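Undergrad: I have a structure I would like to understand better, so I am pasting it below and will then ask my questions one at a time.
The values are calculated or read from the model by the stated rules, or taken from the named source; none is laboratory data. Because the structure is predicted, anything quoted here is derived from the model rather than measured. Methodologically, a virtual Cβ is constructed for each residue, glycine included, from the backbone with ideal geometry; neighbour enumeration extends over all protein chains shown. In case anyone asks, the SASA skips ligands and DNA or RNA and just uses the protein heavy atoms, side chains included. Shrake-Rupley method; radii C 1.70, N 1.55, O 1.52, S 1.80 Å.
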Amino acid sequence: MKKLRIMCLILIGVLFSLYGFSNTDPRIKMFEKMKGGSGKLEKNTVKIPFKIKSSHIMFIKVKINDQKEKQLFVFDTGGVTMLDKSYAEKCNLKIEHLFKDKFYTFTNKIKFNGAEITDYKPFVIDFRKKFRDVGKNSDTILYGMIGCDIFRFFKVTIDYQKCNIILTDSDNQLEAKGDNQALFEMNLLLPYHPCINIDFGNNFILPGRIDTGLHYAIVLPIHLIDKLNDVEKKKLIKSKGHFAQWPDTKIEYNYLYKFKKIKIGKFKLINQAVLFADLPMFADKDFTLIGKHFLENYKTEMDFKNRKVLLTKINESNNKSLLFSVGTNIIKEGDKVLIKGIWKNSPADKKGLKIGDEITNINEKSAEELNNKIIYNILMNKDITEIELKVKNKKIVLRKEILL
């Protein structure tokens, strides 16, 4: 799934790079070709169920044109719509060249549960070939991705509690009616990625992109560390290796930091852990990412027509923590479970673990039994206080502690 995020962000980067170029630039012409389409619902409100895999990736079922069966796609508000090349060919879609090595196709229909998008032009890549889920079951083969560039035709609600995406074509305006609700102006980063403002204090306000493809609550561009004063900079924890990484990443480390208070509308996050990472700069201004750890505590309603976002608080917090940790990032790649990141002076660092160490067991589960969702839960779950690793036939016991 890490590779999935990488390819998604590569394509997003292509679109976002349209900022700052003249109208004659081929990337502008590419974006113009990708416009168009229309959407309709069979009834006023349509629910599309989703399943979550690999800690945060949302899977939905989609039918292209007149294919008899729905296939598994990723839904990602931080992504763009794309089809697997072999699936596009199976659907008898004509694949056309955009520029360089980029391709698109023209679809007559893209169908969900009671929702239909017609005359649309998604990207085409070798999606299925490159991005199988970690599991070996055939039903986890992915056929593409659905982004907000398609769902912009409707009002969209993401309900993590009931695992539903809700689409409506109602003209009713979004309103904040209670203390648990906050209404925001929606900013859009190209092509159709919704953002709301986040206040980090000291006149430090950034657009926060709503990104269901990210599991961390908040990730900021690493160069914005300069916004911190010298005292606060000394509180940063630097990583060996990475915890968050993107295709254009040139800086092979992150920073962990704790903001005393972050304001997102009327909502306040107290002692909130964030990551500073080398984000690809898709736009001509800085932005931050808002991921699942924040979003799963809210119901998120997005009205693209009127450029509004309504957040309704459901939970005060989840049981995941970046701060209460053994200080390591562990990822399964193929059949191997590897250490990809370590926070300096964390329990993992003090035990002498190294980037690239291969782990054969975690809490008595073998590498064969582990997947990234299980690993992620062990590392992030505040209720799990001790982790036993087996590295090079040696057992290492790590006890979580507060890192900041």
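Undergrad: Go through segment 312-324 and count every residue that is open to solvent by less than 40 Å² (accessible area, probe 1.4 Å) and touching an Asp or Glu at 6+ places or on another chain (Cβ under 8 Å).
TA: The qualifying residues number 2.
Undergrad: So, one more: Quick check on segment 2-14. Is at least one of its residues part of a strand (DSSP E or B), of a type outside the set (Gly, Ala, Ser) and either under 19 Å from the mean Cα position of the chain (by Cα) or at pLDDT 80 or above (or both)? Walk me through how you get there before you give the answer.
TA: Going through segment 2-14, the residues part of a strand (DSSP E or B) turn out to be none.
No: zero hits.
Undergrad: Now for a different question. Looking only at residues that are out of contact with any Cys (no Cβ under 9 Å at 6 or more places or on another chain) and not in a helix (DSSP H, G or I) in segment 82-92, which one is nearest to Phe50 (Cα to Cα)?
TA: That would be Asp84.
Undergrad: Looking only at segment 45-59, which residues are open to solvent by less than 20 Å² (accessible area, probe 1.4 Å) and under 16 Å from Asp211 (Cα atoms)?
TA: Listed by number, the residues that qualify are Phe50, Ser54, Ser55, His56, Ile57, Met58, Phe59.
Undergrad: Run down Ile339, Ile359, Ile331 and say which single residue is open to solvent by 20 Å² or more (accessible area, probe 1.4 Å) and of a type in the set (A, V, I, L, M).
TA: Of Ile339, Ile359, Ile331, the one residue that is open to solvent by 20 Å² or more (accessible area, probe 1.4 Å) and of a type in the set (A, V, I, L, M) is Ile331.
Undergrad: Another one. Could you tell me which residue of segment 72-92 is surrounded by the most Cβ atoms within 10 Å (Cβ to Cβ), considering only residues that are more than 15 Å from Ile150 (Cβ to Cβ) and of a type outside the set (D, E, K, R)? Steps first, answer last, please.
TA: First, pick out the residues of segment 72-92 that are more than 15 Å from Ile150 (Cβ to Cβ): 72, 84-92.
From the residues that got through so far, the ones that are of a type outside the set (D, E, K, R) too are 72, 86-88, 91-92.
Values: Leu72: 18, Ser86: 14, Tyr87: 20, Ala88: 26, Cys91: 19, Asn92: 9.
Ranking the candidates gives Ala88 first.
Undergrad: Quick check on this structure: which one of Ile355, Ile330, Ile374 is under 17 Å from Val397 (Cα atoms) and either touching a helix residue (DSSP H, G or I) at 6+ places or on another chain (Cβ under 9 Å) or not basic (Lys, Arg) (or both)?
TA: Answer to the selection: Ile330.
Undergrad: Here is a list: Lys250, Lys299. Which entry is open to solvent by 10 Å² or more (accessible area, probe 1.4 Å), part of a loop (DSSP other than H, G, I, E, B), basic (Lys, Arg) and over 18 Å from His215 (Cβ atoms)?
TA: The match here is Lys250.
Undergrad: Next up: When residues of segment 172-215 are filtered for being charged (D, E, K, R), closer than 16 Å to Lys268 by Cα and either part of a strand (DSSP E or B) or in contact with a His (Cβ under 7 Å, 6 or more places away or on another chain) (or both), how many remain?
TA: Total meeting the criteria: 1.
Undergrad: Across segment 183-197, what is the total count of residues that are open to solvent by less than 30 Å² (accessible area, probe 1.4 Å) and either closer than 17 Å to Val274 by Cβ or among the polar types (S, T, N, Q) (or both)?
TA: Count: 2.
Undergrad: Moving on to the next point. Give the residue, chosen from Val397, Val309, Val337, that is out of contact with any helix residue (DSSP H, G or I) (no Cβ under 9 Å at 6 or more places or on another chain), of a type outside the set (D, E, K, R) and without any contact (Cβ under 8 Å) to a residue 40 or more places away in the chain.
TA: The match here is Val397.
Matching residues to (1) over 20 Å from the mean Cα position of the chain (by Cα); (2) among the hydrophobic types (A, V, I, L, M, F, W, C); (3) assigned to a loop (DSSP other than H, G, I, E, B):
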{"site": "Lys261", "(1), (2), (3)": "yes, no, no"}
{"site": "Gln272", "(1), (2), (3)": "no, no, no"}
{"site": "Leu275", "(1), (2), (3)": "no, yes, no"}
{"site": "Pro280", "(1), (2), (3)": "no, no, yes"}
{"site": "Asp286", "(1), (2), (3)": "no, no, yes"}
{"site": "Leu289", "(1), (2), (3)": "no, yes, no"}
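Undergrad: Would you say Ile150 is open to solvent by less than 30 Å² (accessible area, probe 1.4 Å), within 18 Å of Lys70 (Cα to Cα) and modelled with pLDDT of 70 or more?
TA: yes
For (1) open to solvent by less than 20 Å² (accessible area, probe 1.4 Å); (2) at pLDDT below 95, each residue gets a yes or a no:
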residue: Asp159; (1), (2): yes, no
residue: Leu167; (1), (2): yes, no
residue: Lys177; (1), (2): no, yes
residue: Gln181; (1), (2): no, no
residue: Asp199; (1), (2): no, no
